[in-house]
Amino acid sequence: MFKVVHTSAPPGAELPHEREGLAEFADCLVSYGNLNTPELVIEHCHDADAILTPGARFTRDVLGQLEHCRALGRYGVGYDTIDVPAGQAR
């Protein structure tokens, strides 16, 4: 089963815009609350196929532990919270 995690929505949030944009995968979108530490990101996203985030930090170490992740969508401007070279290498 495909899994998409939102890193900042309250648990069980409706996320209508995200569900509309992910129409094919809408039933696979989950949220656990504010994943604001590397440990929480790894705990809840380690098996995610895709991640939507407005600002969680994705360092080389964090990215290295996301075994299934193939897509990382960042809300907002810039991508200074994501180690892009580490993500590209993965």
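The values are calculated or read from the model by the stated rules, or taken from the named source; none is laboratory data. Not measured: the values here are computed from a predicted model. Counting neighbours? That spans all protein chains shown, and the Cβs are built from the backbone with ideal geometry, glycine included.
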> Can PRO54 be described as over 17 Å from GLN88 (Cβ atoms) and either touching a helix residue (DSSP H, G or I) at 6+ places or on another chain (Cβ under 7 Å) or at pLDDT 95 or above (or both)?
Replying inline: no
> Taking the condition free of Cβ contacts under 8 Å to residues at least 12 places away in the same chain and closer than 23 Å to LEU15 by Cα, does VAL77 pass?
Replying inline: yes
>> Can you list residue pairs whose Cβ atoms sit under 6 Å apart, with the first residue in the range 1-14 being at negative phi and in contact (Cβ under 8 Å) with a residue 24 or more places away in the chain and the second being charged (D, E, K, R) and part of a loop (DSSP other than H, G, I, E, B)? Count only pairs 6 or more apart in sequence or on different chains.
In response: PHE2/ASP49; LYS3/ASP49
>> Looking at (1) among the small types (Gly, Ala, Ser); (2) over 23 Å from ALA89 (Cα atoms); (3) surrounded by 12 or more Cβ atoms within 10 Å (Cβ to Cβ), which one does ALA23 not meet, given that it meets all the others?
In response: (3)
